[in-house]
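A short worksheet on the structure shown next.
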Amino acid sequence: MQDKKENKPKKTLTEIGGVSQPEKISQNSINFIKRKKIKQPSVKKFVKEIVAGNISYLSRAITLIESTNLKHQEKANKILEGCLPHANNSYRIGITGVPGVGKSTFIESFGNKLTEQGHKVAVLAIDPSSSVNKGSILGDKTRMETLVNNQNAFIRPSPSGESLGGVAQKTRETIILCEAAGYSHIIVETVGVGQSETMVHSMVDFFLLLKVAGTGDELQGIKRGIIEMADAIAINKADGDNIKRAKQAKIDFSKALHLYPLKENGWTPKVLTCSGLNNEGVLEIISMINSFFEKTKENSYFQKRRESQNHFWFKQTIEDALKKQFFENKEVKQEIDILESNINNHKMTPFEAAKKLLGIYFKES
């Protein structure tokens, strides 16, 4: 006869022995706790290590710049002040071009050639799409496999989730840190859409536009604003079956550039062909850029442009701060939706609504 206990149905939920607790905390956990308790480096320490070329401290300082924490921002500003006497001794080069033009491949070849000549290169990226899709340029550190492992190169993508103006300001501050760290060539890359070119142009000495032949709209792709900003155009991917088309594109772009007035700096924009993939034509572009710097230093435009950029960012920072303060005002927040509704319902013009809101703000201030 079978035991009744064996026929008794088992409970659905049964308690079983859990994972046994360790007799002592792991060494990794102890080290983590110790690191959390370690006092953060002082501003003086940051500046000293950055000037000495310490990549770790440079990266940490840039992270402080990118932080929205007020204490981090305060510390970052002090670090920047300490680094300023060691900055402003580099060549700043802006590179733009639409997605698919081969920017990453070209910049990797360009950066490696510069380091072979004994220079130190920093690559900074501005990506206006970052707030939507976390950034297409953020993959550059994985695409530039050789440059990212180059001891004389430093690659830093822009932070995601911010306005273009905010990212650009932080990039310009990052330039100061990279210069203090001894980087002689700062490459600022932009995705090539929207206002990103304007922002990059406002912080570099030389502006290079990358194009690619064979798309069928070479000349149509020339926008007056970009051409006026560009100091040179490089027809990339001039290799394989595309060589003939690249040469023709060079002729077409050269003719188009003659339609524009001479630049204030006295430089006539050049058009060259290259292949970032095959490292062809890159040295010629470097030589051309060096000629640009020689000319603009001789006629004093180099320094004049730097001063003009400083004035621009001085005013831009004030405008950004006032705008932020305005929209964060409590009374403004309460009234703005009402006024926008009145505008949409044709009860008030946008100009009248703006005037009223400004009146509310200044009354509160």
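Quick note: the coordinates plus some simple rules give every number you see, no bench work behind them. Worth saying up front: this structure is predicted, and the values here are computed from it rather than measured. Counting neighbours? That spans all protein chains shown, and the Cβs are built from the backbone with ideal geometry, glycine included.
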Share of Cα-Cα pairs in the stretch 244-365 beyond 20 Å, in percent?
-> 69
Go through K45/K297; K250/K297; K120/K324; K315/K356; K48/K263 and tell me which ones have a Cα-Cα distance over 32 Å in this structure.
-> K45/K297; K120/K324; K48/K263
Per-residue Cβ neighbour rank within 10 angstrom, fewest leading, V123, V167, V332 = V332, V167, V123
Radius 15 Å from Cβ of Y301, net charge of other residues (Lys, Arg +1; Asp, Glu -1) | +1
Once S202 and N278 are pulled to full extension, the length gained, defined as 0.36 nm per residue separation minus their Cα-Cα distance, is 24.2 nm
Within the set of other residues whose C-beta is less than 12 Å from the C-beta of N310, count the net charge using Lys and Arg as +1 and Asp and Glu as -1.
-> +4
For T105, net neighbour charge (Lys/Arg +1, Asp/Glu -1) across residues whose Cβ lies under 10 Å away | +2
Note: K324 to I360 extended length (0.36 nm per residue) minus current alpha-carbon separation gives 11.4 nm
Subtracting the Cα-Cα distance of N149 and E264 from 0.36 nm times their residue separation yields 37.5 nm
Listed highest first by mean packing, meaning other Cβ atoms within 10 Å per residue, what order do 97-109, 61-73 come in?
-> 97-109, 61-73
Before anything else, pin down the relative contact order of the stretch 40-85: Cα pairs under 8 Å, at least 6 apart, normalised by residue count, whole percent.
-> 42
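Between N310 and K247, what FRET efficiency follows from the Cβ-Cβ distance if R0 is 45 Å, with the result rounded to 0.05?
For R0 = 45 Å, the calculated efficiency reads 0.65.
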